[in-house]
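Remarks on the structure that follows.
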Amino acid sequence: MVRTQVYLTEEQARDIKIRARRERRREADVLRDMLERGRLTSTGKRQETTGEALLGLVSLGKELGLSGPTDLSTNHDDYLYGDKE
């Protein structure tokens, strides 16, 4: 690792401190994660999170006019592991 110093706005420093406290991590770790996400986003190499991927699939399904079974919430085990189609 390379050590460097940066000037942050008070708001940026406060946000990092709050997030570090909330996640019980060091501020430096939080800052490195934030920088990495920004770097990946700006280079187009950012990977979607699971939630983002699922929301993308939902949007695609709506665009294509697809819908799922109406009893999915009560019979999800059958759909995942059983015979239902």
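The values are calculated or read from the model by the stated rules, or taken from the named source; none is laboratory data. Not measured: the values here are computed from a predicted model. We place every Cβ from the backbone using ideal geometry, glycine too, and count neighbours over all the protein chains shown.
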Inset, instruction - For segment 68-77, name all the residues that are modelled with pLDDT of 85 or more and either outside the structural domain of G56 (by TED's automatic domain parsing) or part of a loop (DSSP other than H, G, I, E, B) (or both). - result: P69, T70, D71
Legend entry - Single residue of G38, G44 found to be at positive phi and either touching a Leu at 6+ places or on another chain (Cβ under 6 Å) or at pLDDT below 90 (or both): G44
